[in-house]
Amino acid sequence: MTDPRKLLEELELALLDPSGRSDVSLLDRLVADEFVEVAASGRTFGKDEVLARLPLETGVSFRADDVSVNLLSPTVGLVTYTTTRTADGVAVSSRRCSIWRLAGDQWQMVYHQGTLA
């Protein structure tokens, strides 16, 4: 059986990878219908906006550091880490957290927040 902490780390990093961000099918499977993201600006986004926006994103890369996964229950996980997002030659660091929930046999992200570091 796969360690859920390792799996959640892999899923989180897949959503930072350009190939994962451009894969609408993967995004639809990993992002819960009731998903909420709070951006560093304070603006909130839902799943529909993520599915519309991320696949069109180009020239953006992420480096994740200090990834930590805590299981809050057998079906809820909290992933925290720092990122450096580079776009158009400009690098911005942020602290991020995501809450994942196991729905049936599929982990889905239900909440994500990024705060400028």
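The values are calculated or read from the model by the stated rules, or taken from the named source; none is laboratory data. Keep in mind it's a predicted model, so treat the numbers as computed, not measured. We place every Cβ from the backbone using ideal geometry, glycine too, and count neighbours over all the protein chains shown.
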Some residue of the stretch 45-64 being of a type in the set (Asp, Glu) and either surrounded by 14 or more Cβ atoms within 10 Å (Cβ to Cβ) or part of a strand (DSSP E or B) (or both): no
Residues (touching a helix residue (DSSP H, G or I) at 6+ places or on another chain (Cβ under 7 Å) and either assigned to a helix (DSSP H, G or I) or at pLDDT below 95 (or both)) located in the stretch 5-21: LEU11, ALA14, GLY20, ARG21
Flag if LEU26 is assigned to a helix (DSSP H, G or I) and surrounded by 11 or more Cβ atoms within 10 Å (Cβ to Cβ): yes
Subset tally (residues that are in a loop (DSSP other than H, G, I, E, B) and among the aromatic types (Phe, Trp, Tyr)) for the stretch 74-117: 0
Near pairs, Cβ below 9 angstrom, 6+ apart or cross-chain, from the stretch 52-81 (over 25 Å from LEU102 (Cα atoms)) to any residue that is at pLDDT 95 or above and loosely packed, with under 13 Cβ neighbours inside 10 Å: ARG63/ALA91
Among (1) farther than 24 Å from THR2 by Cβ; (2) surrounded by 13 or more Cβ atoms within 10 Å (Cβ to Cβ); (3) at pLDDT 95 or above - the single one GLU34 does not satisfy: (2)
